[in-house]
Amino acid sequence: MAAQVLALLAERGETLAVAESLTGGLVAAELTAVPGASKSFRGSVTAYATTLKKELLGVDGTLLAERGAVDPEVARQMAAGVRVALGADWGLATTGVAGPEGQDGQPVGTVFVAVAGPVGKGKVAALRLNGGREDIRRESVRSVLELLSGELRGNARTQEDTRIRNRTGGLDVCSPK
């Protein structure tokens, strides 16, 4: 999945940054294991401590205080924050509970993965995962890359539809990058 995502990004001339909490750098490791990843991968922030989510990624402090770090809006803000902080076209984020105990009132296996893209595009997925700590972390990596792949493919279809409409005298829309 990492190779697919990087190929799509390179094809489009776009870049990616990652904010990780429960995965602790596994998403970045998966991406950088692919030869040529540096064409599209800008870097990552492993914000394991809740305070770093606020300080480095710009996650709202009140949100963190009220809901904790395991929250869909926190994931969304992490993805948007790393995108801005590292100057990338796309940002990914993972936050959740890998175990062995619950956190912030959330049970083990509660995970939120998010993608933030150009022009406010983005999505958050809520996961309820089973298995041990490593199973949860690995599935979180796979899920966030799959979420990005879906957004990139959906975005490519939208861009192609726009180009077709423009060629046939339809809407006058700015060309994609």
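The values are calculated or read from the model by the stated rules, or taken from the named source; none is laboratory data. Because the structure is a prediction, the values reported are computed rather than measured. Note that each Cβ is placed from the backbone with ideal geometry, even for glycine, and that neighbours are counted across all protein chains shown. Heads up: the accessible areas ignore ligands, DNA and RNA and are worked out on the full protein's heavy atoms, side chains in. Shrake-Rupley method; radii C 1.70, N 1.55, O 1.52, S 1.80 Å.
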Revision key, fill the gap. Residues in region 18-43 that are surrounded by fewer than 21 Cβ atoms within 10 Å (Cβ to Cβ) and in contact with a Leu (Cβ under 6 Å, 6 or more places away or on another chain) total 4
Practice item. Give just the number: which of (1) under 19 Å from Leu31 (Cβ atoms); (2) buried (at least 24 other Cβ atoms within 10 Å of the Cβ); (3) among the hydrophobic types (A, V, I, L, M, F, W, C) does Ala85 not satisfy? Key: (2)
Review point. Can you name every residue in region 68-124 that is among the β-branched types (Val, Ile, Thr), within 19 Å of Ser149 (Cα to Cα) and out of contact with any Leu (no Cβ under 7 Å at 6 or more places or on another chain)?
Key: Val119, Val124
Review point. Out of all the residues in region 6-26, is one or more within 20 Å of Asp135 (Cβ to Cβ) and in contact with an Asp or Glu (Cβ under 6 Å, 6 or more places away or on another chain)?
Key: no
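Take the conditions loosely packed, with under 15 Cβ neighbours inside 10 Å, touching a strand residue (DSSP E or B) at 6+ places or on another chain (Cβ under 8 Å) and closer than 21 Å to Leu152 by Cα and apply them to Val119. Does it pass? Walk me through it before giving the result.
Numbers: loosely packed, with under 15 Cβ neighbours inside 10 Å: yes; touching a strand residue (DSSP E or B) at 6+ places or on another chain (Cβ under 8 Å): no; closer than 21 Å to Leu152 by Cα: yes.
The answer is no for Val119.
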Review point. Looking at this structure, is Gly131 in a loop (DSSP other than H, G, I, E, B) and under 13 Å from Leu16 (Cβ atoms)?
Key: no
**Study point:** Flag if Gly96 is touching a strand residue (DSSP E or B) at 6+ places or on another chain (Cβ under 7 Å) and within 20 Å of Arg137 (Cβ to Cβ)
**Key:** yes
Review point. Restricting to strands (runs of 3 or more DSSP E) lying wholly in region 1-120: which have 3 or more residues that are β-branched (Val, Ile, Thr) and at pLDDT 95 or above?
Key: 110-116
Check your understanding: Listed residues Ala69, Ala7; which is on the phi < 0 side of the Ramachandran plot, among the hydrophobic types (A, V, I, L, M, F, W, C) and crowded, with 23+ Cβ neighbours inside 10 Å?
Key -> Ala69
Check your understanding: Just a yes or no: is a residue in region 44-52 open to solvent by less than 10 Å² (accessible area, probe 1.4 Å) and more than 13 Å from the chain's Cα centre (by Cα)?
Key -> yes
Exercise for review: Output the residues belonging to region 88-116 that are touching a Ser or Thr at 6+ places or on another chain (Cβ under 6 Å) and closer than 18 Å to Gly24 by Cα.
Suggested key: Thr94, Thr95, Gly96, Val97, Val111, Phe112, Val113
